[in-house]
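To start, the structure under review is shown below, and the notes come after it.
The values are calculated or read from the model by the stated rules, or taken from the named source; none is laboratory data. For clarity, every value in this text was computed on a predicted model and none was experimentally measured. Cβ placement follows ideal geometry from the backbone for every residue including glycine, while neighbour counts extend to all protein chains displayed. Accessible surface areas use protein heavy atoms only, side chains included; no ligands, DNA or RNA. Shrake-Rupley method; radii C 1.70, N 1.55, O 1.52, S 1.80 Å.
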Amino acid sequence: HDCQKRLEEFQNKNDRSQKSKKKTKTDKHVINIRGLGDLTQYLISTDLVYAGLVQMPTVEEMGRTIHALKKGGLKGLQFLGYCNSPSPDADHTVQGFVAFYQDVTSSLTDAEKEEMTWDVIMAEHTLCKITRVKKYLDLYT
């Protein structure tokens, strides 16, 4: 896409890591705008994917993004046992996310996947919600 190319050019011009010592934690599938946190940049990036303006990340790229963000997606993988280490490295996180994505994908029918727009973004979102469910289980059990 032409928009994908323009987004990458914009990222290069606005790359925080070129203007300060703080390096961004995210990869090429997450926009990089100064003043916005990594999670906000990730969420804007997913909106751009759904708008058809940038490419959907691969399963492996999403695994690296989950590792870089170190938010609910990673906590969900840990809670479900896909990443057993309290501080998994990037490769372990990618392997865990790939396994989670394949397990869920193979258990859903095509109709279910279509109805919920099952993709790597929805998989990461699901992991975040699992973490919230865990908090409620901890409170009431």
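With R₀ set to 41 Å, the beta-carbon distance separating VAL49 from THR141 gives a calculated FRET efficiency near 0.65.
When only alpha carbons are used to place a centre, the range 40-70 and the range 101-126 end up 16 Å from one another. Across the range 128-141, coupling constants 3J(HN,Hα) worked out from phi with the 6.51/-1.76/1.60 Karplus curve, θ = phi - 60°, read 5, 6, 4, 4, 5, 4, 4, 4, 5, 4, 5, 5, 10, 10 Hz, and Gly and Pro carry x.
If you take every residue apart from TYR101 with its C-beta less than 11 Å away from the C-beta of TYR101, what net charge results, scoring Lys and Arg +1 and Asp and Glu -1? So the environment of TYR101 carries a net charge of -4. Taking label points 7 Å from Cα along the Cα-to-Cβ direction, ASP110 and THR40 give a separation of 4.2 nm.
Where the alpha-carbon atoms of the range 59-126 are placed on the principal axes, they occupy 36, 18, 17 Å, in descending order. Taking every protein chain into account, the accessible area of the range 61-110 amounts to 50 square angstrom per residue (probe 1.4 Å).
Seen from GLY63, the other residues with C-beta closer than 10 Å to its C-beta sum to a net charge of -3, counting Lys and Arg as +1 and Asp and Glu as -1.
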